[in-house]
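Data first, discussion second: the structure below is written as structure tokens.
None of the figures in this text is laboratory data; all of them are computed from the coordinates on show. Predicted, not measured: the structure shown is a model, and the values here were computed from it. In this analysis, Cβ positions are derived from the backbone assuming ideal geometry, glycine residues included, and neighbour counts consider all displayed protein chains.
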Amino acid sequence: MKIGICSDHAGFEYKTRLIAWLEDGGHEVVNFGTDSADSMDYPDVAHPLAKAVTKGDVQCGIAMCGTGNGMSFCLNKHIGIRAGLAWSVEIGKLLKQHNNANILVMPARFIPFEEVVNITKVWIDTPFEGGRHQRRIEKIEQF
Ligand code: RB5
């Protein structure tokens, strides 16, 4: 898959390691930054990632900041984006199965890297269930 990825300084180390893991697995990764552990503002990388997903330049995205909340707030401002915060494998699985999240968000400061890999793997591998969940995700933007 062609996957876009971004983080702020809090997620920079995990992002670097996750890019290597994704590429080892045969995925094409587009890195939206940040490119160092220096303090920066997560909206500066979240919005470009969300635009790339909505335009179809990448098939899906992964974002990390300290808690995952700042990234989620920015990403979910974009029509068509379903960015979900996952901190366990079960939540990562349901995020695809029930919510068909097109961006996976993780809290880099609160989970070990091994969990980041396991959540990413299950989110990529799990299919969307559709059915009643399709109806529900269609209603997200009907307000
Ligand atoms: C950075 O200190 C921190 O605020 C950020 O990574 C994130 O947790 C915001 O939601």
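Taking the convex hull of the alpha carbon positions in region 18-143 and averaging its projected area over all directions gives 7.7 nm².
If each DSSP helix of 4+ residues adds -39,500 (n - 2.57) and the sum is divided by the residues in the chain, what number results at 222 nm, nearest 500 deg cm²/dmol?
-13000 deg cm²/dmol
The share of alpha-carbon pairs in region 39-91 lying farther apart than 18 Å comes to 28%. Taking other Cβ atoms within 10 Å as a rough exposure proxy, THR16, THR67, THR120 sort from fewest to most as THR16, THR67, THR120.
Full extension of the chain between ALA20 and GLN59 yields a length gain of 12.2 nm, computed as 0.36 nm times the residue separation minus the alpha carbon distance.
The shape of region 1-90 can be summarised by an equivalent ellipsoid whose semi-axes, obtained from the alpha carbon gyration tensor, come to 17, 17, 13 Å from longest to shortest.
Since only GLY25, GLY84, HIS98 are under comparison, the one whose Cα sits farthest along the positive direction of the charge dipole of the chain, derived from C-beta charges on Lys, Arg, Asp and Glu, is HIS98.
The string of couplings for region 33-39 from the Karplus curve (6.51, -1.76, 1.60, θ = phi - 60°) is x, 6, 10, 7, 8, 6, 4 Hz, one whole number per residue in order, with x for Gly and Pro.
Shown in residue order for region 67-80 are the 3J(HN,Hα) couplings computed by the Karplus curve 6.51 cos²θ - 1.76 cosθ + 1.60 at θ = phi - 60°: 9, x, 6, x, 4, 4, 4, 5, 5, 6, 5, 8, 4, x Hz (x for Gly and Pro).
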